[in-house]
Structure formats: structure tokens, C-alpha cells
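Structure first, commentary second.
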Amino acid sequence: MLATRVIPCLDVRRGRVVKGVNFQGLRDAGDPAQRAALYEGQGADEIVILDVSATIEERASAAETVRAVREAVSIPLTVGGGVRSVEDAERLLLAGADKVGVNSAAVSDPGLVGRLAERFGRQCVVISIDAAMIDGRAVVHTRSGTTPTELEAGPWAARCATLGAGEVLLTSINRDGTGGGYDLGLLRAVRGAVGVPIVASGGAGRPEDLVEAARAGADAVLAASIFHDGVHTVGQVKRALRGAGVEVRL
């Protein structure tokens with residue numbers, strides 16, 4: 001059995017870490033490089049950097065932030081936000097990313113997933129899915145959660161995996177920043193649709209939430225507020241996971 005990864009997330013806007021609730025009301029949460037170094041020291045397995053305003057502002061993700069974080073840490077980095085082309089992804093990989101996440105551009109042009117996988121290998125390609133429940137359907141949203149689509153999370157994840165995505169970053173918009181726990185129904189639905197690794201995101205408020213996500217099929221558990229606000233350290237979360245019988249790297 002592979003160890004469950006614990007991944008702090010750095011939502012970045014204009015070079016600063018931010019955090020909100022349901023993708024709204026963003027507040028400052030510090031310097032990305034300093035935060036990443038802190039979490040690596042606590043035992044983080046990876047770091048995810050999401051440029052939350054890149055798509056809305058119609059610009060590429062800020063490579064200088066990626067470079068600064070890469071200089072501060074040695075663990076793997078996934079970077080998303082504003083990736084619209086192979087060239088955008090290459091720029092981030094050259095800046096120090098190990099994997100690139102795509103969401104809005106993949107919905108507009110599903111062929112982008114395949115082009116990225118062909119150029120860099122599927123292990124580098126993460127399909128980022130932001131989903132909200134609407135009339136009982138897990139509806140995929142684009143543009144930082146502002147625009148609903150006609151897609152449902154499970155079938156869309158399955159299509160992207162077939163096209164070449166090597167991992168799914170699955171975020172519940174309804175649970176984001178609430179501390180009320182992950183959307184386990186959403187997680188199980190996507191787990192039943194794909195065989196590639198799934199990173200569960202949105203709603204972590206206590207170590208037990210991460211345990212429940214791992215048991216529901218997540219290969220990795222992502223959290224932000226509980227780490228940014230100092231509620232728990234990565235090490236504390238990992239010890240709680242191991243105590244509950246979930247294999248982690250300590």
C-alpha cells in the first residue's frame with residue numbers, strides 16, 4: 001500500500017498566499033516561499049501552488065513565485081492557474097514545478113490534456129476539478145469557481161484520465177475553507193470513475209477529516225486553513241493519520 005500524501009496548499013494572488021471560504025473573501029496568509037519552507041520542515045510530502053487569479057485576469061501563472069518556492073524547498077511542487085498551453089506548462093516546469101494543474105483551459109480544449117501528457121509525460125499532468133453540488137449534480141466549475149459548466153465531476157475526471165491526466169486534484173467548492181470536512185460523496189463518486197491518484201481538497205478542519213478522506217479513496221489529502229492558521233501542523237496531522245491506521249511517511 002502506498003503512503004497517503006499530506007499536501008499543504010498555497011493559494012496565491014499577486015505573490016502572496018491567500019485563503020477564503022467557498023473561494024470568496026480572500027485574506028492574506030503570508031509569503032509563499034516562507035510558508036512552503038515551514039511546511040516542508042513539518043514533514044509535508046508535496047506543496048500545491050494555485051494562482052487563484054491568473055485565469056480571471058487572463059494571464060499566465062507567476063513563474064517568479066514558483067522559482068522562489070523552489071529555491072526554498074526540495075519536495076515536489078504542483079502548480080496550477082492560468083495554464084492554457086504547452087508553453088505555459090513548460091515555463092512553470094522550467095521554473096521548478098514538478099507537475100502542472102489545468103482546469104479552465106482543459107474544459108475549453110480537452111485536447112490540451114493529451115498534448116501536455118505527450119510533451120511532458122502523464123505523471124506531470126494534473127486535472128484540477130472544482131465542483132459544486134447543483135440540483136444533486138457535482139457540477140464542474142471554471143474560472144476559480146465562478147463559472148458552472150455542463151460537466152459532471154466523475155465523467156469529466158474519467159475523460160481526462162483517458163486523455164492523459166496522471167492525477168486528479170478534486171476540490172469541493174461547497175466545503176472550501178469551511179472546516180466542515182471533505183465532501184466524501186463527491187470523492188467516492190470520482191474514485192469510482194478513475195484509477196489514477198486523487199488529491200482530496202476542500203473542507204479539512206481537523207485530522208479526523210483527513211482520515212475520513214483517505215478511507216474514502218483519496219491517495220493524498222490537501223489542506224490550507226488548518227496549516228495557515230496554526231490549528232495543526234503537518235506533523236500532528238500525520239501522527240493522527242498513522243494512529244488511525246492510515247499509512248503515511250513520518
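Taking a ≥ b ≥ c as the square roots of the eigenvalues of the alpha carbon gyration tensor, the range 74-220 is prolate, as a/c is not under 1.5 and a/b beats b/c. For residue 5, the residues whose amide H sits under 5 Å from its own are 220, 221, ignoring neighbours fewer than 5 places away on the same chain, with H placed 1.01 Å from N. Ordering of 243-249, 115-121 by packing is 115-121, 243-249, highest average first (other Cβ atoms within 10 Å, averaged per residue). Straightening the chain between residue 146 and residue 98 buys 14.5 nm, computed as 0.36 nm per residue apart minus the Cα-Cα spacing. Compute the label zone of residue 115 within the range 77-92: residues whose backbone N is under 11 Å from the point 7 Å along Cα-to-Cβ. Counting backbone N atoms under 11 Å from the label point, the list is 84-89.
Evaluated with a Cβ-only charge set (Lys, Arg +1; Asp, Glu -1), the chain carries a dipole of roughly 300 debye about its Cα centre, given to the nearest 20. Summed over qualifying helices (DSSP H, 4 residues or more, each -39500 (n - 2.57)) and divided by its residue number, the chain shows a 222 nm mean residue ellipticity of -10000 deg cm²/dmol.
Coordinate-derived values only; no laboratory data. Since this is a predicted model, take the numbers as computed values, not measurements. Virtual Cβ from ideal backbone geometry, glycine too; neighbours counted across all protein chains shown.
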